[in-house]
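A short worksheet on the structure shown next.
The values are calculated or read from the model by the stated rules, or taken from the named source; none is laboratory data. Predicted, not measured: the structure shown is a model, and the values here were computed from it. Cβ: placed from backbone, ideal geometry, glycine included. Neighbour counts: every protein chain shown.
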């Protein structure tokens with residue numbers, strides 16, 4: 001434990017929590033505390049509070065008292081034992097509460113009760129079951145006269161861990177590494193620093209983000225935050241897990257309360273989010289899908305950068321003098337979701353002959369009817385001989401890297417093959433198309449372009465596209481090796 005403490009301090013960590021409940025055998029306080037390289041919090045957590053300790057309570061309380069006598073910088077005391085461990089010396093008292101089921105309705109009452117237990121800092125960690133729980137816990141922090149750490153656990157609670165700095169928490173908690181989290185939804189220290197630049201977040205920081213469900217796979221925070229940091233902008237981009245049933249409330253209530261300025265929108269919300277918009281763009285209305293929301297005084301406005309990114313990416317496969325027209329080209333679009341809608345609409349706008357093939361025939365028929373194009377049954381898609389094949393489905397995405405949405409036997413050398421899946425970049429479809437000698441366009445190209453177009457709306461300046469492309473490729477590569 002001491003070796004890890006020294007290593008963390010060398011990485012720039014300014015405060016370390018030492019978890020006594022993970023120590024096997026006698027606790028040697030003098031050795032733990034005598035030559036600590038930075039201040040430390042002594043925590044001895046019971047199993048019922050998310051810790052490892054299952055033995056008698058008297059032993060645990062005595063250990064916490066000993067830590068204080070030995071000069072610990074901070075000691076963490078659950079509210080039910082705070083009156084059993086008196087203040088002594090310079091040790092600061094963190095009075096804590098953990099709820100792994102919910103964020104209770106009586107947060108203010110809970111905070112008031114804990115404020116009567118002689119705290120230097122109050123810590124309240126609860127499970128987020130709705131996006132609104134983040135707002136409630138952060139508002140509690142903001143209104144408190146006693147320094148308070150308020151955070152929500154779980155994937156839905158991630159924003160509260162980063163935004164605490166904007167609302168005035170004295171410090172937040174991060175794990176030593178992403179593989180060694182001690183609480184649900186905890187973020188690694190390097191992520192907090194390198195992706196979110198936590199130490200630079202303040203009251204004036206503008207908030208942006210991406211909404212999806214699930215959200216853990218999203219790499220958008222890496223790209224957008226890298227861009228913000230490149231220009232030294234006081235902006236932070238966060239992942240927001242928003243279940244379908246909470247989408248309207250999130251846009252109408254949570255976003256204004258958190259002061260969110262802009263959002264990227266992905267699966268499963270690209271179609272449904274249109275119902276929440278005050279001003280959908282012409283492209284959003286034509287496509288029937290939105291991947292970008294901007295908040296201003298007139299309410300949420302919606303845009304679609306997928307379409308432009310798709311067309312820009314496609315042009316890389318044509319000669320330099322290509323005029324953009326796809327007249328006479330047969331395009332087979334696989335899928336009928338938000339990305340496929342943008343693909344099909346963009347191709348139709350360039351006069352292509354578009355054919356839709358979706359795994360859900362009803363959705364494919366509806367899209368084809370709206371765009372006045374044709375369909376082919378999913379099990380018959382291999383019989384089409386397109387000039388351009390575009391995969392708008394997630395088939396082949398990590399971890400299902402051995403899957404392909406189109407049989408190699410149907411791929412011909414003269415085809416352009418475009419796969420919107422970006423993780424991995426070299427999908428099985430792309431690999432097999434290369435083997436056939438086809439021109440290929442990878443999902444990395446499209447993903448960077450659509451993100452860059454969003455960035456330019458968020459930041460009002462040119463996106464650092466090469467930086468964003470490098471960050472995406474490095475992140476994908478790192479994920480594969482871990």
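Of all the criteria given as (1) in contact (Cβ under 8 Å) with a residue 24 or more places away in the chain; (2) assigned by TED's automatic domain parsing to the domain that holds residue 385; (3) crowded, with 17+ Cβ neighbours inside 10 Å, the one not satisfied by residue 454 is (2). In the stretch 49-70, the residues that are without any contact (Cβ under 8 Å) to a residue 12 or more places away in the chain form Cβ pairs under 8 Å with partners that are exposed (fewer than 15 other Cβ atoms within 10 Å of the Cβ) and not in a loop (DSSP other than H, G, I, E, B), at six or more places apart or across chains, as follows: 54/47. Of the residues examined, residue 256 is not one that is on the phi < 0 side of the Ramachandran plot, in contact (Cβ under 8 Å) with a residue 24 or more places away in the chain, outside any helix (DSSP H, G or I) and surrounded by fewer than 23 Cβ atoms within 10 Å (Cβ to Cβ). Those residues that are farther than 19 Å from residue 155 by Cβ, in a helix (DSSP H, G or I) and in contact with a strand residue (DSSP E or B) (Cβ under 9 Å, 6 or more places away or on another chain), I need them from the stretch 188-213; list them, please. Within the stretch 188-213, 200 is the sole residue that qualifies. Within the group 97, 88, which residue is in contact (Cβ under 8 Å) with a residue 12 or more places away in the chain and either surrounded by 15 or more Cβ atoms within 10 Å (Cβ to Cβ) or assigned to a helix (DSSP H, G or I) (or both)? Sole residue among the options that is in contact (Cβ under 8 Å) with a residue 12 or more places away in the chain and either surrounded by 15 or more Cβ atoms within 10 Å (Cβ to Cβ) or assigned to a helix (DSSP H, G or I) (or both): 97.
Among residues belonging to the stretch 214-246 that are more than 15 Å from the chain's Cα centre (by Cα) and assigned to a loop (DSSP other than H, G, I, E, B), point out the one that is surrounded by the most Cβ atoms within 10 Å (Cβ to Cβ). Ranking the qualifying residues of the stretch 214-246, first place goes to 233. Among all residues of the stretch 396-403, there is at least one that is within 21 Å of residue 358 (Cα to Cα) and surrounded by 21 or more Cβ atoms within 10 Å (Cβ to Cβ). Considering only residues in the stretch 404-419 that are part of a loop (DSSP other than H, G, I, E, B) and out of contact with any strand residue (DSSP E or B) (no Cβ under 6 Å at 6 or more places or on another chain), the one that is surrounded by the fewest Cβ atoms within 10 Å (Cβ to Cβ) turns out to be 413. With respect to residue 463, is the statement that it is at pLDDT 95 or above, outside the structural domain of residue 328 (by TED's automatic domain parsing) and outside any helix (DSSP H, G or I) true? For residue 463, the condition - at pLDDT 95 or above, outside the structural domain of residue 328 (by TED's automatic domain parsing) and outside any helix (DSSP H, G or I) - is met.
Being part of a loop (DSSP other than H, G, I, E, B), touching a residue at least 24 places away in the same chain (Cβ under 8 Å) and in contact with a strand residue (DSSP E or B) (Cβ under 8 Å, 6 or more places away or on another chain): is that true of residue 251 here? So residue 251 does not fit the description; no. Condition check for residue 434 on (1) closer than 24 Å to residue 388 by Cα; (2) surrounded by fewer than 22 Cβ atoms within 10 Å (Cβ to Cβ); (3) touching a strand residue (DSSP E or B) at 6+ places or on another chain (Cβ under 9 Å); (4) touching a residue at least 12 places away in the same chain (Cβ under 8 Å): one failure, at (4). Among 211, 137, 122, 146, which is the only one that is touching a helix residue (DSSP H, G or I) at 6+ places or on another chain (Cβ under 8 Å), buried (at least 23 other Cβ atoms within 10 Å of the Cβ), over 30 Å from residue 268 (Cα atoms) and not assigned by TED's automatic domain parsing to the domain that holds residue 257? Just a single option satisfies the conditions, and that option is 122. Can you spot a residue in the stretch 472-479 that is assigned by TED's automatic domain parsing to the domain that holds residue 231, farther than 30 Å from residue 415 by Cβ and in contact (Cβ under 8 Å) with a residue 12 or more places away in the chain? Looking through the stretch 472-479, none of the residues is assigned by TED's automatic domain parsing to the domain that holds residue 231, farther than 30 Å from residue 415 by Cβ and in contact (Cβ under 8 Å) with a residue 12 or more places away in the chain. Checking each residue in the stretch 57-85 for being surrounded by fewer than 16 Cβ atoms within 10 Å (Cβ to Cβ) and under 30 Å from residue 132 (Cβ atoms) picks out only 80. For residue 264, the conditions (1) part of a helix (DSSP H, G or I); (2) under 18 Å from residue 208 (Cβ atoms); (3) touching a strand residue (DSSP E or B) at 6+ places or on another chain (Cβ under 6 Å) are fulfilled apart from (1).
Here residue 185 clears all of (1) in a loop (DSSP other than H, G, I, E, B); (2) buried (at least 17 other Cβ atoms within 10 Å of the Cβ); (3) at pLDDT 95 or above except the condition numbered (3).
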